[in-house]
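Visitor: Can you read through this structure? Questions will come right after.
The values are calculated or read from the model by the stated rules, or taken from the named source; none is laboratory data. All figures in this text were calculated on a predicted structure; none of them were measured in a lab. Ideal geometry is used to build each Cβ from the backbone, glycine not excepted, and the neighbour counts take in all protein chains shown.
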Amino acid sequence: MPKPPQLAPFDPEEQRFYSESLPNVRAPHPISKAEPGHPTEETHFGRLYPRSRSFGHYPKLMTIGEDWDVDRPVNREPGFLAQLPLPHDRSAQRPHHCRRRTNPAAKRRQALRGPAYMFSAPSFSLSEVEQRFLEAAEYGNIPEVRRMLLHMPNLNVNAVDYMGQNALQLAVANEHLEVTELLLGRTDLARVGDALLLAISKGYIRITEALLSHPSFRDANRLTASPAQVDMMDDFYAYDEDGTRFSHDVTPVILAAHCQEYEIVHTLLSKGARIDPPHDYFCGCDSCNYHQQYDSFSHSRSRINAYRGLASPAYLSLFNEDPVLAALELSNELAMLADIEKEFKNDYSRLSNQCKDYVVGLLDLCRSTEEVEAILNGETFCEDTFDVAGRPPLTRLKLAIKYELKKFVAHPNCQQQLLSIWYENLPGLRQQTTAVKLLVVLAVAVGLPGLAVAYWVTPCSRVGKVLRSPFMKFVAHASSFTVFLGLLILNAADRFAGTTILPNMTHHQQQPGGLQFKSDPLLLYRKTTTPFTWMEILIISWVMGMIWAEVKEIWSQGPEEYLVELWNFLDFGMLAIFLASFSCRFSAMKRADLAQSFVYQHNKTLDKLPPEVEYFTKARIHWMPSDPQLISEGLYAIAVVLSFSRIAYILPANESFGPLQISLGRTVKDIFKFMVIFLLVFLAFMIGMFNLYSYYLGAKQNDAFTTLEESFKTLFWAIFGLSEVKSVVINNGHKFIENIGYILYGVYNVTMVIVLLNMLIAMINSSFQEIEDDADVEWKFARAKLWFSYFEEGRTLPVPFNLVPSPKSTLRLVTAMKSKLKQLVHRSREKNPGTQLNQVLYLRRNQTFCCLIMKRLIKRYIIKAQANRESDEITEGELKDIKQDISSLRYELLEEKSQNMETLDVLLGRLGQIGPSSS
């Protein structure tokens, strides 16, 4: 075992320097830990603690020698800690016999003061006056500070202790407002910026206001520049320019925002302070490139500090006119940065969640519907909002759904507002039972054609308004889709009990069902299979209606918004496959029609036909694999499966099925993640086993692994236990190859079945548990997304009734064309000034109303935040503040006592003069 490192022994001179007792010193009061400044107090402390001197519980000052010069210069270099004194003057040291006498207190001071020697090289020491001045400022001795500032004009107010803190910093750190105000009266005071940052970090509001009244802050750049941005020769941030206490890129307003100091943030903002948003992460400007190359870590931390300030509830509340919009956009920006800067993902994610919680907190403070609407709508003016009278645009809610602020969308106040819009124009239905609602749904499904005709004729009637309500639109579209699924089922009803024509038969060989075709002996078999039935024509009409609805949605939302929603990919895939299937079927039908025409024109019988025409007389078993009708049937089967899976889109409307549908969607995402590792392992064993057994085709008990296709099949079905062990057995005696096959096949089964499949089960279980733990929020968010898709104007008529243009759509088209022609003819003509004036007046009225409500909510939020801080338990810092106040009060009482004693002495002297004269 290596020996532990040995500490180097102290130099004797240094040990004497740290341990010797100083002469003619006085111990402070236990509460104030400061040196007494009053004669009466000196006598009292001299009797209690003779021949001793202490600089407090935390010895920040060191004194060596006697008879210091009052005006002795102090070494102050900006950006460096104060130099510790060295015992150069041997005459200033105590005699040898005094140096050997130590006590426990002296040993304790030695242990505490020792590390201070390592901060900087020793240089000059402080004079006794400077030490007394720093102590008086630190412990709140107001009379002593006032006396020294008045009677010592050459006093160095910028003297610093061993930690580089001057009197102003010590007074601010101990919350001595009166001392701070006295020090701010000096024109040569330095490190005002350091003191301001310290006051902000401790939340001393009155001291911060006093510091901001200093002439140094007349320059607005002082509040916007960080310690790293000031001049190197400037002593404004001499202490924190290298990040001693705070990060070098922190400005006063950023620090106040970090500390959630609302009053200080308000004061700084009123003086013009602002937080500059960081540049884009991919910004290529010269400044970003320089900082990225010079110190990328410091650049990233400065960006995080700026975003911490911007995401602070204090800054969001007091700086932004629309704090809801600012918080929503900032949360999305931070979430994107969390995905880009992976190394700081936790920091950005925490800030993004902080913005989301802030918006939820504002929504939680709403007390009326108009306040909820102000948050959900914002200061938005849109001409489209006039089309639906009384329906709010819900602009902020759209952003919240887009940025996935689930707690905000699922909040009871937001859900209540959505519910009132959902049952619009349907008074009383909201309070009805589920049975009554089901009867309404059934009635709408049955009478859907009549409702569609009524809406065509009179879209503005009561029936039209009812049909435009989101709930009725949802019921109509759901009923239409249910009918579409029923058509898909009924289309195969003739084959439920099995087909009457076997794959090796044609219609001429059909026993019971072929009688209807025997009247036409020249009829080709493919003419009986390719034509569309009336059921298939209905399905085609539904598909065309859904395609038209998707086209209108892409037109209204835009391609980018359309591609964001995953359900749109399912719709697009389903409709594209249906369209491809019908196209292949139509192609096969046209070819069959051409062949039938050829037979009618050139043949009397079906014998001796050309090969290309004879092909259409053959049974299904003889068709080519690439036949368009076979491809059509395969694509149709896939489209039917996707159609039935599309019904999961409406499941979030129900509280019981909604969480299950969300869990299923999350499970599908987990499976896609798992497939990456699965495919790598599967591909590795498939290629390996194929290379091992590809030379033994015909020499094995089966064809497993002899071809790439057989290798895929064998390994795939082995996952489900449907492959046999004899798949690796070779008939000849090549035992080495066979043993290698056994090993690889066993490792594959262990890896896939035991490891990977169980890992997939664990992933699915974890996702399901996450949804289950927050099922109510997840379901309400999914339901809000479903509801919101029916809030927008348009898409009233369901499929396939939307294929017939309504008078309303025709009128809109004519109006749009008319306005377009007017713009082309009169390009220089402006809009109707009356309409513009109405819109401007409405916009101003709306903005003023929203601003008043937002100010009201911000006041409530700030009051609640301050009340929460006041209700916290008393901390050690607050106890220390009380202690410092008692110390300052003690000095003031001593000063008052001294003045009273002087007054009493004067009165006694006068009394003594009067006595002899009267006698």
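Visitor: Please go through region 495-515 and pick out each residue that is loosely packed, with under 13 Cβ neighbours inside 10 Å and either at pLDDT 80 or above or in contact with a helix residue (DSSP H, G or I) (Cβ under 9 Å, 6 or more places away or on another chain) (or both).
Guide: Of everything in region 495-515, those that are loosely packed, with under 13 Cβ neighbours inside 10 Å and either at pLDDT 80 or above or in contact with a helix residue (DSSP H, G or I) (Cβ under 9 Å, 6 or more places away or on another chain) (or both) turn out to be ARG495, PHE496, PRO503, ASN504, GLY513.
Visitor: Can you find a residue in region 621-630 that is under 30 Å from ALA782 (Cβ atoms), touching a residue at least 60 places away in the same chain (Cβ under 8 Å) and not aliphatic (A, V, I, L, M)?
Guide: Scanning region 621-630, I find no residue that is under 30 Å from ALA782 (Cβ atoms), touching a residue at least 60 places away in the same chain (Cβ under 8 Å) and not aliphatic (A, V, I, L, M), so the answer is no.
Visitor: Sort out which residues of region 355-379 are crowded, with 17+ Cβ neighbours inside 10 Å, modelled with pLDDT of 90 or more and not in a helix (DSSP H, G or I), and write them in order of number.
Guide: Passing the criteria: LEU365, CYS366.
Visitor: Identify, by number, the condition in (1) modelled with pLDDT of 90 or more; (2) closer than 30 Å to ARG860 by Cα; (3) not in a loop (DSSP other than H, G, I, E, B) that GLN260 doesn't meet.
Guide: With respect to (1) modelled with pLDDT of 90 or more; (2) closer than 30 Å to ARG860 by Cα; (3) not in a loop (DSSP other than H, G, I, E, B), GLN260 is out only on (3).
Visitor: Moving on to the next point. Report the residue count in region 433-459 for those that are more than 21 Å from LEU419 (Cα to Cα), free of Cβ contacts under 8 Å to residues at least 24 places away in the same chain and not in a helix (DSSP H, G or I).
Guide: Residues meeting the conditions: 2.
Visitor: What is the one condition in (1) in contact (Cβ under 8 Å) with a residue 40 or more places away in the chain; (2) of a type outside the set (Val, Ile, Thr); (3) in contact with a helix residue (DSSP H, G or I) (Cβ under 6 Å, 6 or more places away or on another chain) that SER723 does not satisfy?
Guide: Here SER723 meets the rest and fails (1).
Residue-by-condition table, conditions (1) surrounded by fewer than 10 Cβ atoms within 10 Å (Cβ to Cβ); (2) at pLDDT 80 or above; (3) of a type in the set (Lys, Arg):
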position: ARG829; (1), (2), (3): yes, no, yes
position: ASN868; (1), (2), (3): yes, yes, no
position: LYS897; (1), (2), (3): no, no, yes
position: GLY915; (1), (2), (3): yes, no, no
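Visitor: Does LEU351 meet the test of being of a type in the set (A, V, I, L, M), modelled with pLDDT of 90 or more, closer than 15 Å to ASN413 by Cβ and assigned to a helix (DSSP H, G or I)?
Guide: Criteria not met by LEU351.
Visitor: Moving to a separate point now. Out of curiosity, is TYR636 within 18 Å of TRP779 (Cα to Cα) and part of a helix (DSSP H, G or I)?
Guide: It is false that TYR636 is within 18 Å of TRP779 (Cα to Cα) and part of a helix (DSSP H, G or I).
Visitor: Out of region 789-813, which residues are not small (Gly, Ala, Ser) and not in a loop (DSSP other than H, G, I, E, B)?
Guide: Residues satisfying the conditions are PHE801, ASN802, LEU803, PRO807, LYS808, THR810, LEU811, ARG812, LEU813.
Visitor: Against the conditions (1) surrounded by 13 or more Cβ atoms within 10 Å (Cβ to Cβ); (2) part of a helix (DSSP H, G or I), where does ASP339 fall short? Just the number, please.
Guide: The single condition ASP339 does not satisfy is (1).
Visitor: Quick check: is even one residue across region 710-719 surrounded by 13 or more Cβ atoms within 10 Å (Cβ to Cβ) and on the phi > 0 side of the Ramachandran plot?
Guide: No, because not a single residue in region 710-719 is surrounded by 13 or more Cβ atoms within 10 Å (Cβ to Cβ) and on the phi > 0 side of the Ramachandran plot.
Visitor: Can you say whether ALA619 is at pLDDT below 90 and farther than 30 Å from LYS785 by Cβ, as far as the supplied structure shows?
Guide: Against the criterion (at pLDDT below 90 and farther than 30 Å from LYS785 by Cβ), ALA619 qualifies.
Visitor: Any residue that is part of a helix (DSSP H, G or I), under 13 Å from VAL799 (Cβ atoms) and among the charged types (D, E, K, R) - is there at least one of those in region 562-581?
Guide: There is at least one residue in region 562-581 that is part of a helix (DSSP H, G or I), under 13 Å from VAL799 (Cβ atoms) and among the charged types (D, E, K, R).
Visitor: Would you check which residues across region 271-289 are surrounded by 11 or more Cβ atoms within 10 Å (Cβ to Cβ) and over 23 Å from ALA327 (Cα atoms) and list them?
Guide: Within region 271-289, LYS271, CYS288, ASN289 meet the criteria.
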